[in-house]
Amino acid sequence: MSAPRIILCMKWGTKYGPEYVNRLYAMVRRHLTGDFKFVCLTDRSEGIRDEVQCLPIPELTLPNGEPERGWKKLTTFEADLYGLRGTALFLDLDVVIVGDITPFFEVPGEFLIIHDWKRPWRITGNSSVYRFQLGAHADVLEKFRQNQAQAKADFRNEQAYLTDVLHKQGKVKYWDSSWCASYKYHCIPTWPSSYWRDPIIPKGARILIFHGVMNPPDALAGRNNGNWRHARPATWIAEHWRE
């Protein structure tokens, strides 16, 4: 019998409303074959649909005033995450799923993550999409808890730290480079044609990643939010980013 499949996401504070969780669930349901459990680690469960199991974000004390930079995501590596067992695929709330994500559970490997697009010569992964066995990498979190000041001095954010620790253990593998596309780098046409050409879904893309200042509503409306890449409205976002 194959291991249970868990979709994990995390929502804290007020930056993202419950509609992000609800739409993410709906996109997964449309694009993942077979059974799965959908879990949201959150401090605010109001408005989240019933199919989603909401659980508290495990405690991770961060000094007041320090930038969060995603460090809370490391709590997905708890040795015992509320008794959950199986293979977990973590998805950021602001991704847009545009193709079959069943293969994300089929690729062999202990830990899979996006290879950062901006500086591909580095080992750093982008943690918008990563997969692991629940409870298998508790040392990642424990090491951070024991010496988070040093981790923050050495690494800008959680994904740089996470990739470094597991790469040194020989456990990091990267997704097929076409599967997770950056909206910023791969969907928006190059300047100056971005002023008259619409954004596209790149060939082979299954999940679109929104990093930096743009989110799906911005892409849909054609707002750049100060992002240097001008972009026309991507009206096709509405076909995918919905319940």
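Which one of Lys72, Lys15 is of a type in the set (Lys, Arg) and surrounded by 15 or more Cβ atoms within 10 Å (Cβ to Cβ)?
Lys72
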*Candidates Arg197, Arg122, filtered to the one that is part of a loop (DSSP other than H, G, I, E, B), farther than 21 Å from Leu8 by Cβ, of a type outside the set (A, V, I, L, M, F, W, C) and not assigned by TED's automatic domain parsing to the domain that holds Arg229*: Arg122
_Residues located in region 193-220, provided they are out of contact with any strand residue (DSSP E or B) (no Cβ under 7 Å at 6 or more places or on another chain), at pLDDT 90 or above and of a type in the set (Gly, Ala, Ser)_ = Gly204, Ala219
*Please find, among Ala160, Ala79, Ala136, the residue that is of a type in the set (A, V, I, L, M, F, W, C) and part of a helix (DSSP H, G or I).*
Ala160
_The conditions are (1) over 30 Å from Gln148 (Cβ atoms); (2) part of a helix (DSSP H, G or I), and Ala3 fails exactly one of them. Which is it?_
(2)
_Return the residues of region 173-215 that are touching a Gly at 6+ places or on another chain (Cβ under 7 Å) and farther than 18 Å from Lys118 by Cα; say none if nothing qualifies._
Arg206
*Answer yes if at least one residue in region 142-155 is in the same structural domain as Leu24 (by TED's automatic domain parsing), within 21 Å of the chain's Cα centre (by Cα) and either closer than 26 Å to Pro103 by Cβ or touching a residue at least 60 places away in the same chain (Cβ under 8 Å) (or both), and no otherwise.*
yes
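The values are calculated or read from the model by the stated rules, or taken from the named source; none is laboratory data. All figures in this text were calculated on a predicted structure; none of them were measured in a lab. Positions of Cβ are backbone-derived with ideal geometry, glycine not excepted, and every protein chain shown enters the neighbour counts.
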